[in-house]
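So the structure is just underneath, and the comments pick up after that.
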Amino acid sequence: MAETQAAAASAATNPANIHSMHTRTAGELRRENIGEEVTLTGWVWRRRDHGGLIFCDLRDRTGMTQCTFDPEHAGGEAFHIAETMRPEWPILVHGTVIARDEETVNAKLPTGEIEVLVDRAEVLGRSKTPPFQIEDRIETAEDTRLRYRYLDLRRPEMAHRIQLRSDFTFAIRSALHNRAFTEVETPALFKSTPEGARDFIVPSRLQPGSFYALPQSPQLLKQLLMVGGVERYYQVAKCFRDEDLRADRQPEFTQVDIEMSFVTQDDVMGALEDVLADAFAQVGVEMPTPLRRISYWDAMDTYGTDKPDTRYGMHLIDLTDVFKGSAFKVFSSAANTEGHVVKALNAKGAGTWPRAQIDKLAKVAETFGAKGLAWIAFREDGSMNSPIVKFFSDEEMAELRRRCDVEPGDLVMFAAGPRLASDEILGGMRCHMADALDVPREGHDFLWVVDFPLFHWDEERKAYAAEHQPFTQPVEADIERLESDPLSVGSRTYDFVMDGFEAGGGGMRIHDPELQLRILEMLGFTEERAKEQFGFLMEALTFGAPPMGGFALGLDRVCMLLAGCDSIRDVMAFPKTSSGSDLMSAAPSEVSMAQLKEVGLRIE
């Protein structure tokens, strides 16, 4: 009777327990549950045989409870079963919640004031010795954890991350649903994009020689939904991109895809702020609204990146005017060339580093596009160490000290050359030095970066490329310069930046088919190829396409930041390695010749 009442009480407070083998979870029992009869299920974490008593820490996805087996209790049958239990065996126990002796209370555990005196136990399965400890803060190599991912997921910190991801996904779905957005699923088999080298392609058995592509984004389809009158669309979309991987990228990833019609840019950004603030609040994170807006060039010139982390300073300082007449020809040449700059970055505290350590920074700068690194170390004794300081006049040095707020112990680094390249070099050094100096970055940082250029010049292809994507609306006042000065044309775009990462991005869309063709032609498409690739979109735009704008939130990346992780692999249940492999299933793998023949393929 008591067990039935306990089950009913548990079901009322924890609906997840309905139709389960257990009546309570291992993480929910507290002092107020003393006297209840409960049934728990989970895995044996640790078992301690004290001769007269056996203690077992039982762990499930919610936490851990100590279970006590007494040979004098309930005939001792449960005690004899406990003698056989080993770590990671799944078990069921039934017993009574009792208070721990005062000297055995575990203040580190939420359940540390109680234990369950077991009168019945059942072994539900057996386990080999795991290849690593099922606990937090293990030093096991990531490859081993990924090989046995199903065991890694049992660890409390991994279980917490997966639950956090679930909670945030549910929160953002609810926030969108409550604001009259309609969830629509779009196809996973679609047409290859212009960036075909980045597509995963799928051969068609029914149409030999033809291929589908897995979508890098539902971009075109959501624009068609706007033409179709859906008006407010969203989807938690699985996307695919065959590219070189980094810590915050995977070949398959998830984005929250959003599109709205009959809206202005401010309408879209305002709606997104409401949705994001609501969703973050549901997982205990406050996002102040309205968000700050920083223009693309302000972000680049101040932080050296279009995804700045503004939780710390270390701003880029423009010294172009200071060095116009400098005896240091590298600086004076840049200062007197149109479109070129001389900029500096002060890394406070790094001026105390040994010369050999500072010299190594040149190699770091090379990874951001520099050919070398000019620097001045201001030592704590008032001296200066630098290979270039001899070229500076007293006036140049005084102005440098003033603008860069130089103090003893500072290291000032320079970049001279094209504006964007110089920004990117010092922006990369800013992030590197913040990590090297362990600069505090507390809480979360949210902002918009807006007004990106429409195009950039792709040096490798010797052609213009879309800064965001080919369907972005240019700033109306700039359209007249589309062909004459493409790089000066702005776009109606907005990126959501969180903690120094691009967590999402969006823009207003072109809904005029003639303008869409002009943009594609600027990107190197002939009219014939544009219609072959995007004819269905441009035809749809001729049927009364409304003004539209949208956004895509990188769900994996946001959850990584919420969980305080360094890699999105840590918030994905079954991620790939940096080489795109699934170590658990050994994918990708070979397929049979018969399978290849059926879809008209052969491997050479």
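The values are calculated or read from the model by the stated rules, or taken from the named source; none is laboratory data. Being a predicted model, the structure only gives us computed values, none of them experimental. Please note: Cβ atoms are built from the backbone with ideal geometry, for glycine as well, and neighbour counts cover all protein chains shown.
Considered as a group, the residues in the stretch 171-213 that are free of Cβ contacts under 8 Å to residues at least 40 places away in the same chain and within 15 Å of GLN235 (Cβ to Cβ) include one that is surrounded by the most Cβ atoms within 10 Å (Cβ to Cβ), and that residue is PHE190.
Does the stretch 334-352 contain at least one residue that is surrounded by 21 or more Cβ atoms within 10 Å (Cβ to Cβ) and among the charged types (D, E, K, R)? Yes, because at least one residue in the stretch 334-352 is surrounded by 21 or more Cβ atoms within 10 Å (Cβ to Cβ) and among the charged types (D, E, K, R).
Name the residue, out of PHE455, PHE536, that is touching a strand residue (DSSP E or B) at 6+ places or on another chain (Cβ under 7 Å) and over 30 Å from ALA563 (Cβ atoms). That would be PHE455, the only listed residue that is touching a strand residue (DSSP E or B) at 6+ places or on another chain (Cβ under 7 Å) and over 30 Å from ALA563 (Cβ atoms).
Can you give me the number of residues within the stretch 74-128 that are within 16 Å of LEU58 (Cβ to Cβ), among the small types (Gly, Ala, Ser) and surrounded by fewer than 19 Cβ atoms within 10 Å (Cβ to Cβ)? Residues that pass the stated criteria total 3.
Among the residues of the stretch 317-332, what is the count of those that are outside any loop (DSSP other than H, G, I, E, B) and touching a residue at least 24 places away in the same chain (Cβ under 8 Å)?
Within the stretch 317-332, the subset outside any loop (DSSP other than H, G, I, E, B) is 317-318, 320-323, 329-332.
Narrowing further to those that are touching a residue at least 24 places away in the same chain (Cβ under 8 Å): 317-318, 322-323, 330-331.
Result for the stretch 317-332: 6.
In this structure, GLY369 does not satisfy being more than 13 Å from LEU426 (Cβ to Cβ) and under 36 Å from the mean Cα position of the chain (by Cα).
Listed here are the residues, each with its yes/no results for (1) modelled with pLDDT under 95; (2) more than 30 Å from ARG441 (Cβ to Cβ); (3) surrounded by 12 or more Cβ atoms within 10 Å (Cβ to Cβ).
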{"position": "GLN516", "(1), (2), (3)": "no, yes, yes"}
{"position": "GLN533", "(1), (2), (3)": "yes, yes, yes"}
{"position": "ALA540", "(1), (2), (3)": "no, yes, yes"}
{"position": "LEU555", "(1), (2), (3)": "no, no, yes"}
{"position": "LEU562", "(1), (2), (3)": "no, no, yes"}
{"position": "VAL571", "(1), (2), (3)": "no, no, yes"}
{"position": "LYS597", "(1), (2), (3)": "yes, yes, no"}
{"position": "GLY600", "(1), (2), (3)": "yes, yes, yes"}
{"position": "ILE603", "(1), (2), (3)": "yes, yes, no"}
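Please identify the pairs in which a residue from the stretch 273-294 that is under 20 Å from TYR234 (Cβ atoms) has its Cβ atom under 7 Å from the Cβ atom of a residue that is surrounded by fewer than 17 Cβ atoms within 10 Å (Cβ to Cβ) and polar (S, T, N, Q), counting only partners at least 6 apart or on another chain. Cβ pairs passing all conditions: GLU273/THR289; ALA277/THR289. Of the residues TRP457, TRP448, the single one that is of a type in the set (Phe, Trp, Tyr), free of Cβ contacts under 8 Å to residues at least 40 places away in the same chain and outside any helix (DSSP H, G or I) is TRP457.
Inclusion of THR41 among residues that are in contact with a helix residue (DSSP H, G or I) (Cβ under 6 Å, 6 or more places away or on another chain), at pLDDT 95 or above and either under 20 Å from THR111 (Cβ atoms) or surrounded by fewer than 21 Cβ atoms within 10 Å (Cβ to Cβ) (or both) is not warranted. Evaluated against (1) farther than 30 Å from VAL285 by Cβ; (2) outside the structural domain of VAL341 (by TED's automatic domain parsing), CYS404 falls short on exactly one condition, (2).
If I filter the stretch 488-505 for residues that are under 25 Å from TYR303 (Cα atoms), of a type in the set (S, T, N, Q) and assigned to a helix (DSSP H, G or I), do I get at least one hit? Even if it seems obvious, please write down each step before you answer.
Quick first cut of the stretch 488-505, residues under 25 Å from TYR303 (Cα atoms) only: 488-505.
Next, only the ones that are of a type in the set (S, T, N, Q) stay: 488, 491, 493.
Then keep just the ones that are assigned to a helix (DSSP H, G or I); that gives 488.
Within the stretch 488-505, one or more residues are under 25 Å from TYR303 (Cα atoms), of a type in the set (S, T, N, Q) and assigned to a helix (DSSP H, G or I).
Of all residues in the stretch 443-469, those that are β-branched (Val, Ile, Thr) and over 18 Å from ARG509 (Cβ atoms) total 1. If the condition is being surrounded by fewer than 20 Cβ atoms within 10 Å (Cβ to Cβ) and in contact with a strand residue (DSSP E or B) (Cβ under 6 Å, 6 or more places away or on another chain), then the stretch 419-442 contributes only ARG419.
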